[in-house]
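**Student:** Have a look at this one.
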Amino acid sequence: MRYARLGRSDLEVSVLGLGGGNFGGIGSTPELFERGDDERTAFALMDAARTSGITLFDTANSYGGGRSEEWLGRWLTARPGARDEIVLTTKVRNRVGTDPGDEGLSRRHITMQIDASLRRLQTDRVDLYLAHEPDSSTPIAESVATFDDLIRAGKICHYGLSNFSGPQLQAAIAAAAAGGHAVPVNLQSSFSLLDRSAAADAFAICGRHGVAFTAFSPLAGGWLTGKYRAGEPYPAGSRMTLRPEPYTSFTSGSTYRMIDELARMALARGLSLPTTALAWVINDPGVTAAIIGPRTSEQVMAACAAIDVTLDPREHAALADIANRYDTSRSA
């Protein structure tokens, strides 16, 4: 495993992080709660990640209706020493109940939800607390001031943003600076060979302000594993059968042709397509870490193979050129 400093924070993280979005459900969608990994599988995945040297564990208060946090908390309690090894990330913003105030980035919602998350996680602090998505109904100054208060209270060590654009990140930094508050240390967004928009939108801003960029969906919801084939039905239980909406823009013939060409290039180096695609993400100088969502312990080990793959700038650019040729760069 390799490790890197998370921006200008004092956190050292593994360049692969374990995502808990499949624990107890498929993300934050209520209709898919209990359709993801069960608790036994989640424990096995966390054990495999820890054994592999993965120290960045990423979840959210809304994943699986709270089950993801609950199971991660039980796992941490059952594994002596694990809490001090793990850089623990959770998120706030998405809906967690039926009342109007059960979502958003208001002071009230954030302060209520951090206490609920700490109870589920069975810990006294979150190392990195992320705003899960923007909230147009709340001034960003209110949100960053609240995160600063949580840092001062010792409930979180740092905060960051997820699914924010580069200009929205810039606005949050400006609001924090104007109020004399701590600034965000991390931006987490989609980034893969199928969705390269963050590079143009946010990498320069992250670099200018010392904000770490962590990539989620580095395999584009499974598209870059090669399991989706033109003219064939989607595999049962795959993202395209359960939650296809974020990936419908990939369903064109050009995407399949691009994936075939990427696979041939990977094979020429003696590598699999997913290893190559993941290596492309973590070899990008703008990326600090990538969040993976394996469904089996074997997939954890397979993902770690990307750590040993070095892509020089020419090889990295060649893979991006293939993607550019098919014009597949779009939001995922």
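**Student:** Does region 255-265 contain any residue that is at pLDDT below 95 and in a loop (DSSP other than H, G, I, E, B)?
**Tutor:** Taking every residue of region 255-265 in turn, none turns out to be at pLDDT below 95 and in a loop (DSSP other than H, G, I, E, B).
**Student:** Tell me which residues, restricted to region 236-284, are closer than 28 Å to Ala204 by Cα and not aliphatic (A, V, I, L, M).
**Tutor:** Pro246, Tyr247, Ser249, Phe250, Thr255, Pro274, Thr275, Thr276, Trp280, Asn283, Asp284, listed by residue number.
**Student:** Criterion first (open to solvent by less than 20 Å² (accessible area, probe 1.4 Å), touching a helix residue (DSSP H, G or I) at 6+ places or on another chain (Cβ under 9 Å), among the small types (Gly, Ala, Ser) and over 21 Å from Ala323 (Cα atoms)) does Ser238 satisfy it?
**Tutor:** yes
**Student:** Go through the residues of region 4-25 one by one and say whether even a single one is under 16 Å from the mean Cα position of the chain (by Cα) and among the hydroxyl-bearing types (Ser, Thr, Tyr).
**Tutor:** Yes, some residue in region 4-25 is under 16 Å from the mean Cα position of the chain (by Cα) and among the hydroxyl-bearing types (Ser, Thr, Tyr).
**Student:** Let me ask you something else. Among the residues that make up region 18-41, is at least one of them small (Gly, Ala, Ser), modelled with pLDDT of 95 or more, farther than 20 Å from Ala131 by Cα and open to solvent by less than 20 Å² (accessible area, probe 1.4 Å)?
**Tutor:** Looking for residues that are small (Gly, Ala, Ser), modelled with pLDDT of 95 or more, farther than 20 Å from Ala131 by Cα and open to solvent by less than 20 Å² (accessible area, probe 1.4 Å), one finds none in region 18-41, hence no.
**Student:** Right, another one. I'd like to verify a number: residues in region 72-97 that are open to solvent by 30 Å² or more (accessible area, probe 1.4 Å), hydrophobic (A, V, I, L, M, F, W, C) and within 22 Å of Met112 (Cβ to Cβ), how many?
**Tutor:** 1
**Student:** Which of the residues belonging to region 219-236 are on the phi > 0 side of the Ramachandran plot and either at pLDDT 85 or above or under 21 Å from the mean Cα position of the chain (by Cα) (or both)?
**Tutor:** Ala220, Gly221, Gly222, Gly226
**Student:** Can you name the residue in region 200-232 that is among the hydroxyl-bearing types (Ser, Thr, Tyr) and either open to solvent by less than 10 Å² (accessible area, probe 1.4 Å) or not in a loop (DSSP other than H, G, I, E, B) (or both) and is also farthest from Val281 (Cα to Cα) among such residues?
**Tutor:** Tyr228
**Student:** Ok, one more. Please go through region 54-83 and pick out each residue that is touching a Leu at 6+ places or on another chain (Cβ under 8 Å) and among the basic types (Lys, Arg).
**Tutor:** Selection gives Arg83 alone.
**Student:** Mind checking whether some residue in region 249-272 is aromatic (Phe, Trp, Tyr), open to solvent by 50 Å² or more (accessible area, probe 1.4 Å) and more than 24 Å from the chain's Cα centre (by Cα)?
**Tutor:** no
**Student:** Of everything in region 273-320 that's among the acidic types (Asp, Glu) and open to solvent by 40 Å² or more (accessible area, probe 1.4 Å), which residue is farthest from Ser14 (Cα to Cα)?
**Tutor:** Here the answer is Asp312.
**Student:** Mind checking whether some residue in region 187-202 is over 16 Å from the mean Cα position of the chain (by Cα) and among the hydrophobic types (A, V, I, L, M, F, W, C)?
**Tutor:** Checked region 187-202: at least one residue is over 16 Å from the mean Cα position of the chain (by Cα) and among the hydrophobic types (A, V, I, L, M, F, W, C).
**Student:** Kindly establish whether Ala302 is in contact with a strand residue (DSSP E or B) (Cβ under 9 Å, 6 or more places away or on another chain) and closer than 25 Å to Gly25 by Cβ.
**Tutor:** No: the conditions fail for Ala302.
The values are calculated or read from the model by the stated rules, or taken from the named source; none is laboratory data. None of these values were measured; they are calculated from a predicted model. Cβ: placed from backbone, ideal geometry, glycine included. Neighbour counts: every protein chain shown. Note: accessible area is taken over every heavy atom of the protein model, side chains too, but ligands, DNA and RNA are not part of it. Shrake-Rupley method; radii C 1.70, N 1.55, O 1.52, S 1.80 Å.
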